[in-house]
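Shown next, in structure tokens, is the structure this report addresses.
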Amino acid sequence: MGTLKSGIYFLQGSEACAEAAIMVGCRFFAGYPITPATEIAEHMAKRLPQIGGIAIQMEDEIASIGAVIGASWAGAKGMTATSGPGFSLMQESIGYAFMTETPCVIVDVQRAGPSTGQATKCGQGDVMQSRWGTHGDYSAVVLSPNSVQEMFDLTVRAFNLAEKYRTPVVLLSDEVTAHMRERVVIPPIKKVEIINRKKPKRGDKAFFGLEEVPPMPSVGEGFNVAVTGSTHNEYGIRFTADPLVHRKLVERLNGKIQNHIGEIADVESYKIDDCQIGIVSYGCTSRAIYDVIEAAETKGVKVGYVRLKTLWPFPDEIIKKLAETANKIIVPEMNLRQIFYEVKRAAEGQAQVIPMNKIGGGELITPEELLDKILEEAKKGND
Amino acid sequence: MVLAGQILGKAAAYNGKNVVQTQSYGAEARGTTAKSEVIISEDKIGFPIVRKCDILIAMSQEALEKNIEDLKEGGTLLIDTSMVKNIPKANAKIYTAPATEIAEKSFGQKIYANMVVLGALNKLTKVVSEEAIEKAIKDIFPEIVALTNLQAYKKGKGTVKLYRKN
């Protein structure tokens, strides 16, 4: 058995994620079981050996991300999948992957935290952790799927961004999106864009600088590469006290993400230039939007929306545009305000930004609740 | 029950419909209540979770009591009478099938009750084609048990009875 044949399937979000990883060339998976991310590990454990890859259950999440980073330096595309508690354990090594410019994909299937919280119930509480979870000056790349189709499409994109920018990429899913099953269209592999890391030429020595995204050798290829999480120069040599070396390295690492927000930050938007109420949403919560637009319009309220398919880097520009048109922007989230503050910042006072939050029991914000909120805010007018 | 929802969803996808299946269950490995929801539509499906359902299938007393308020007025309620003893007064078309009992008697194990109830459901509603559901059963189960599951499904079609029509 090879990669999934093109066609129409009825897949679970987790399966679609695993199949996408395999299609884009992932041949190494390391993980530790945790609800609600275990299905990804199970599917990788079943499928990778069929295709010459390796899936391994490690002793914990720290070891899992470590194994994935190691596999990446051995030349493989690697992935791990976890949920909140495991994602917390991985944070230090995510910083190591960022500092050593190691492409890899981390899937976080969010459940209701903090701590063990409600293990089987959906939440969106890891949004800020995915941005700031590791220490130091860091630029995260975090994608947010809202359907099984996007569990496939955005997993492909996660690997491509990781390889292109030589950086860890997080697919921030949630219990609902990863567990639900939907009709999915799988494209033929020829039609799937696959980006591979730039490899060095013979004689190259600078694998950590000179270029914005330097070439990456694999261990065993004869490049004598030194990999360290400590501050290093272009050649991988440690400089743990020199201010200039640190400045240059960390500014380049952040710059290679921040200078390309236009390409990395992807959104779905609707009527942002012609609406009274705007909605900014992401992940499973955003599914309610599709059911309220028409209903609001028949009651005389024009609604536009921005759906964040990329959470980080944050797409300030499009939020600013929405804020120039809409009087109010509602931000529904299954947490106690996380993206809300980003939207408020990006709106720069041009629109009133209103939080809408619900946590516990995995209960989503329903279309009925969202519609009520839209109509209520439209009726109230501006404060 | 979750598996029955998957089979129904797969069959609907084979029939070219848009379909979403979700599930919820407790943190325990087994013995807790579990729910499987399926939305089938000709149009694009927005919100993936059922708020008001057209059809409710109850396979335990607790599940029935927990979920009956989500059934639309005049909707269809299908009850496994081997597990549910108190049938509520509801504004619904109520049907019964002793699914768990049939599963044990005819197939030796309770686990086939979900296929029996799926047969009863499709007999009542014809929500998916017979070809599609047979293909879905064959695709989901390993060959060694697919036939028994298919037989349980077919048996289910003959066991459903109208209990009360409001």
- Meets criteria (farther than 30 Å from A:Q149 by Cα, open to solvent by less than 20 Å² (accessible area, probe 1.4 Å) and not hydrophobic (A, V, I, L, M, F, W, C)) for B:T81: no
- Message: Just checking, does segment A:100-112 include any residue being away from every other protein chain (no Cβ under 14 Å), under 28 Å from A:K199 (Cα atoms) and in contact with a His (Cβ under 9 Å, 6 or more places away or on another chain)?
- Response: yes
- Message: Condition (residue is surrounded by fewer than 22 Cβ atoms within 10 Å (Cβ to Cβ), within 14 Å of chain B (Cβ to nearest Cβ), in a helix (DSSP H, G or I) and not small (G, A, S)) applied to segment A:350-367: is it met by at least one residue?
- Response: yes
- Message: Just the residues that are crowded, with 17+ Cβ neighbours inside 10 Å and of a type in the set (G, A, S), please, taken from segment A:250-268.
- Response: A:A265
- Query: Looking only at segment A:141-162, which residues are of a type in the set (A, V, I, L, M, F, W, C) and out of contact with any Leu (no Cβ under 7 Å at 6 or more places or on another chain)?
  - Reply: A:M151, A:F152, A:V156, A:F159, A:L161, A:A162
- Query: What is the one condition in (1) within 14 Å of another protein chain (Cβ to nearest Cβ); (2) open to solvent by less than 40 Å² (accessible area, probe 1.4 Å) that A:D372 does not satisfy?
  - Reply: (2)
- Message: Here is a list: A:A71, A:A81. Which entry is at pLDDT 95 or above and closer than 19 Å to A:R197 by Cβ?
- Response: A:A71
- Number of the condition not met by A:G95 [criteria: (1) touching a helix residue (DSSP H, G or I) at 6+ places or on another chain (Cβ under 9 Å); (2) more than 14 Å from chain B (Cβ to nearest Cβ); (3) surrounded by fewer than 24 Cβ atoms within 10 Å (Cβ to Cβ)]: (1)
- Return yes or no: is B:A63 under 27 Å from A:R111 (Cα atoms) and either modelled with pLDDT under 95 or facing chain A (nearest Cβ under 9 Å) (or both)? yes
- Task: Please give the helices (runs of 4 or more DSSP H) falling wholly within segment B:74-166 in which 3 or more residues are closer than 21 Å to B:K52 by Cα.
- Result: B:113-125
- Query: Pairs under 8 Å by beta carbon, first residue closer than 30 Å to B:A4 by Cβ in segment A:180-198, partner part of a loop (DSSP other than H, G, I, E, B), six or more apart or different chains?
  - Reply: A:M180/B:P48; A:E182/A:S147; A:E182/B:I45; A:E182/B:P48; A:R183/B:K17; A:I186/A:L4; A:I186/A:K5; A:I186/A:S6
- Any chance segment A:150-159 includes a residue that's within 23 Å of A:G66 (Cα to Cα) and either of a type in the set (D, E, K, R) or out of contact with any strand residue (DSSP E or B) (no Cβ under 7 Å at 6 or more places or on another chain) (or both)? yes
- Within segment A:19-37, of all residues that are touching a residue at least 40 places away in the same chain (Cβ under 8 Å) and in a helix (DSSP H, G or I), the one farthest from the other protein chains (Cβ to nearest Cβ) is A:A21
- Query: On the given criteria, is B:G46 in contact with a strand residue (DSSP E or B) (Cβ under 6 Å, 6 or more places away or on another chain), closer than 27 Å to A:C122 by Cβ and open to solvent by less than 20 Å² (accessible area, probe 1.4 Å)?
  - Reply: no
- Of the residues A:G209, A:G236, which is buried (at least 17 other Cβ atoms within 10 Å of the Cβ) and modelled with pLDDT under 95? A:G209
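If you go through segment A:70-87 one residue at a time, how many are of a type outside the set (G, A, S) and surrounded by fewer than 24 Cβ atoms within 10 Å (Cβ to Cβ)?
2
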- Message: Restricting to segment A:20-51, count the residues that are out of contact with any Gly (no Cβ under 7 Å at 6 or more places or on another chain), of a type outside the set (A, V, I, L, M), open to solvent by 10 Å² or more (accessible area, probe 1.4 Å) and farther than 21 Å from A:G123 by Cα.
- Response: 6
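The values are calculated or read from the model by the stated rules, or taken from the named source; none is laboratory data. Just so it is clear, the structure is predicted and the values come from calculations on it, not from any experiment. Don't worry about glycine lacking a Cβ; one is built from the backbone with ideal geometry, like all the others, and counts go over all protein chains shown. Note: accessible area is taken over every heavy atom of the protein model, side chains too, but ligands, DNA and RNA are not part of it. Shrake-Rupley method; radii C 1.70, N 1.55, O 1.52, S 1.80 Å.
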